[in-house]
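Q: To start, I am sharing the structure in question, which I have written as structure tokens.
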Amino acid sequence: MANDRVASDGVVSDGVAEDGHEPDPQYRIETRAILAGRRGNEGSLVAPVWPSTTFETSTVAESLRLATSLRPQAFYSRYGNPTVRAFEDAVADLEGAEAAQAFASGMGAISSLVLALCSKGDHVVAQRQLYSSTSLLFAGVCPRFGIDVTFIDATDATALAGAVIPGRTVLVFVETPANPGMQLVDLDALGAIRGPLRVVDSTFAGPLVQRPLSHGCDLVVHSATKGLAGHNDATLGVIAGPADLVSWIWNYHTVHGAVASPYDAHNALRGLRTLSVRVRQQSETALRVARSLEGRDGVAAVHYPALASHPQRELAARQMAQGGGMVSVELDGGWEAGKRFVESVRLARLATSLGGPETLVTHPASTTAANLTPEERAAMGIGDGLVRLSIGLEHPDDIESDLAGALAAATRPDPPHPAPAGQPAPSTEA
Ligand SMILES: Cc1ncc(COP(=O)(O)O)c(C=O)c1O
């Protein structure tokens, strides 16, 4: 019986062993990524998968205790699950947080967070350049519940702070780097805002690149579907922060119900073990790719935080340990050039996700931002010729030559139209 064991046995009261392998704060983050989230392993090197939806108890008193305790991990899996908890503990450790809560997806995390923390009449300040579904949540869903949202270009730290209404703004929500334009938000300036909770979607960076809580922000959120899990085999979200805030969100989450699967949590935990080497390699290759595309014919701009030309290069150097694996490229030829680029890759895949081992290309105007008007897209910095690259783990030479080939295809002039039957072909000579 799992739940009748006691702490004096070296076992926590809700049924998962303390095996003494919690990371020691003396270790660097790369080492902690290997050690974190092992509390319930009971001798296994790998976190066991606990698929059980429910956990038996031997007494009513024990059931009562579990039903009324915060975040029990072995009671009923909508409330918590030991495999999911192992993943949550690992993320909390890497983000320097007291606690973390996992969700069924990044959007499950973000919508639970917003609806847990905001009520009718509250005000939110949200970055204008957000992932499209997050924008939709703030622009389309929040107003239906009487939550007012002000959208701000969050690259302007003064404007961000200035949009806060004292006594009414409960949340400031930003994403840095922003998807897909790679704009950055100054985390120190965000952490210095007093009053509202300061929340950062750090999906494009991850804890090996930046740790928003160390800048004074309150909560960090991830689509763990991306780089944290890192293998395109888990759909998962996670929030990390102070234990009381995480418990508050968990309380709402138990009715919202966007519950993380233990199988996905298991895959994500395995992915976390290699996070540091993946991010290092992806950052190295991404910088090389960004440099190789910049200034080429047909390329209007390359957006990558570690490029000398990034308008917020100094901010990147201050708050990001590496550039990360995401690059976006603005092509001169608009929609047609973007379309040709993403349809011409041979090694990379045309697919809408990021952070995995395969290099992926996306044309945001026809995918993630397809439901926005051209004006809305322009306000978010998403031109019709923008292509987003998620740099994978293939050999950098192969990635570079694949993308160079796609650029050549995107910028090649149209072949002359075939002459109508019976007429001579038009001359191509000047
Ligand atoms: C920055 C960012 N946040 C949140 C999400 C939503 O994550 P999920 O697809 O796991 O719901 C995404 C998805 O692409 C994203 O890019």
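Bear in mind these aren't lab numbers, they're just calculated from the coordinates by the rules spelled out. Keep in mind the model is a prediction, meaning the values are calculated, not measured. So basically every Cβ, Gly included, is an ideal-geometry build from the backbone, and we count neighbours across all protein chains shown.
Q: Amide H of V299 versus every other amide H placed in the peptide plane: which residues, excluding those fewer than 5 positions away on the same chain, fall under 5 Å?
A: Hits under the 5 Å cutoff: D332.
Q: Which FRET efficiency value, to the nearest 0.05, do you get for L136 and V60 by plugging their Cβ-Cβ distance into 1/(1 + (r/R0)^6) with R0 = 51 Å?
A: So, using R0 = 51 Å, E works out to roughly 0.70.
Q: Enumerate the amide H contacts of A99 below 5 Å, restricted to partners 5 or more residues apart or on another chain; note that Pro and chain-start residues carry no placed amide H.
A: Here the answer is G241, A243, since their amide H atoms fall under 5 Å of that of A99.
Q: Sticking with this one: Among P51, A104, Y252, pick out the residue whose Cα is farthest towards the positive end of the charge dipole of the chain, where Lys and Arg carry +1 and Asp and Glu carry -1 on C-beta, about the Cα centre.
A: It is Y252, whose Cα lies furthest towards the positive end.
Q: Quote to one decimal, in nm, the extra length available between A159 and R313 on full extension: 0.36 nm per residue of separation minus the C-alpha distance between them.
A: Using 0.36 nm per residue and subtracting the Cα-Cα distance, I get 53.5 nm.
Q: Starting from the coordinates of the alpha-carbon atoms of the stretch 276-411, obtain the Kirkwood hydrodynamic radius over all distinct pairs and give the value in Å to one decimal. Provide the component values of the computation, followed by the final result.
A: Working: mean 1/r = 0.0676 Å⁻¹.
For the stretch 276-411, the Kirkwood estimate is 14.8 Å.
Q: Same structure again: Could you order peptides 361-368, 192-199, 345-352 by the average number of other Cβ atoms within 10 Å of their residues, highest first?
A: 361-368, 192-199, 345-352
Q: A further question on this structure: Could you give me the ³J(HN,Hα) list for the stretch 277-285, computed from phi with Karplus coefficients 6.51, -1.76, 1.60 and θ = phi - 60°, whole Hz, x at Gly and Pro?
A: 6, 5, 5, 5, 5, 5, 5, 4, 5
Q: Then there is this: Explain nothing, just compute: Karplus ³J(HN,Hα) = 6.51 cos²θ - 1.76 cosθ + 1.60, θ = phi - 60°, for every residue of the stretch 226-241 in order, whole Hz, x for Gly and Pro.
A: After applying 6.51 cos²θ - 1.76 cosθ + 1.60, I find 8, x, 4, 6, x, 10, 6, 10, 8, 10, 7, x, 7, 10, 10, x Hz.
Q: While we're on this one: So what is the 222 nm mean residue ellipticity for the chain from helices alone, if each DSSP H run of at least 4 adds -39500 (n - 2.57) and you divide by all residues, rounding to the nearest 500 deg cm²/dmol?
A: After summing the helix terms and dividing by the residues of the chain, the value is -9500 deg cm²/dmol.
Q: Take peptides 381-392, 63-74 and line them up by average Cβ neighbours within 10 Å, highest first, as a rough protection proxy.
A: The packing order, highest mean first, is 381-392, 63-74.
Q: Tell me the label-point distance for the pair R144, R346, using the 7 Å Cα-to-Cβ offset, in nm and rounded to one decimal.
A: Distance between the two pseudo-spin positions: 4.7 nm.
Q: Follow-up question, since we're still on this one. Would you mind pulling out the separation of the Cα centroids of the stretch 61-92 and the stretch 371-414, in Å?
A: A separation of 43 Å, based on Cα centres.
Q: For every other residue with a beta carbon closer than 12 angstrom to the beta carbon of N267, add +1 if it is Lys or Arg and -1 if Asp or Glu, then tell me the sum.
A: Details: positive: R270, R273; negative: D233, D264.
Every neighbour counted, the sum reads 0.
Q: In whole angstrom, how far apart do the alpha carbon centroids of the stretch 153-201 and the stretch 108-150 sit?
A: Taking the Cα centre of each part, the stretch 153-201 and the stretch 108-150 sit 14 Å apart.
Q: So what's the net charge close to S366: Lys and Arg +1, Asp and Glu -1, counting the other residues with Cβ under 13 Å from its Cβ?
A: Details: positive: K339, R340, R377, R388; negative: E336, E343, D384.
Overall, the nearby charge balance is +1.
Q: Calculate the spin-label point distance for R78 paired with A370, positioning each point 7 Å from the Cα along the beta-carbon direction, and give it in nanometres.
A: My value for the distance between the label points is 3.3 nm.
Q: With the chain treated as a Gaussian network of Cα nodes joined by springs under 10 Å, which of A234, A408, A86 yields the largest mean-square fluctuation?
A: A408
Q: Give the residue from A378, T411, L315 lying farthest towards the positive end of the charge dipole for the stretch 276-411; charges sit on Cβ (+1 for Lys and Arg, -1 for Asp and Glu) and the dipole is referred to the Cα centre.
A: Farthest towards the positive pole: L315.
Q: So, one more: Among 274-281, 263-270, 88-95, how do they line up by average Cβ neighbours within 10 Å per residue, starting with the highest?
A: Ranking, from highest mean packing down: 88-95, 263-270, 274-281.
Q: Also, quick follow-up: Apply 1/(1 + (r/R0)^6) to the Cβ-Cβ distance of D297 and S69, taking R0 = 56 Å, and write down the FRET efficiency to the nearest 0.05. Please report the intermediate quantities before stating the final value.
A: Working: r = 63 Å, r/R0 = 1.13.
Efficiency, from the Cβ-Cβ distance: 0.35.
Q: For the chain, with only Lys/Arg (+1) and Asp/Glu (-1) charged at the beta-carbon, what is the dipole magnitude about the Cα centre, in debye rounded to 20?
A: With only Lys, Arg, Asp and Glu charged at Cβ, the dipole is about 300 debye.
Q: Also, quick follow-up: Find which of V345, L35, V124 sits farthest along the positive direction of the dipole of the chain, computed with +1 on the beta-carbon of Lys and Arg, -1 on that of Asp and Glu, about the Cα centre.
A: Farthest along the dipole direction, towards plus: V124.
Q: What ratio of Cα Rg to 2.2 N^0.38 Å holds for the chain?
A: Output field value: 1.07.
Q: To continue, here is another question. Go through the stretch 95-106 residue by residue and turn each phi into a ³J(HN,Hα) via Karplus (6.51, -1.76, 1.60, θ = phi - 60°); whole Hz please, and just put x for glycine and proline.
A: 8, x, 10, 6, 7, 9, 10, 8, 9, 5, 6, x
Q: Just add up the charged neighbours of V342: K/R +1, D/E -1, any other residue whose Cβ is under 11 Å from the Cβ of V342.
A: Summing Lys and Arg as +1 and Asp and Glu as -1 gives +3.
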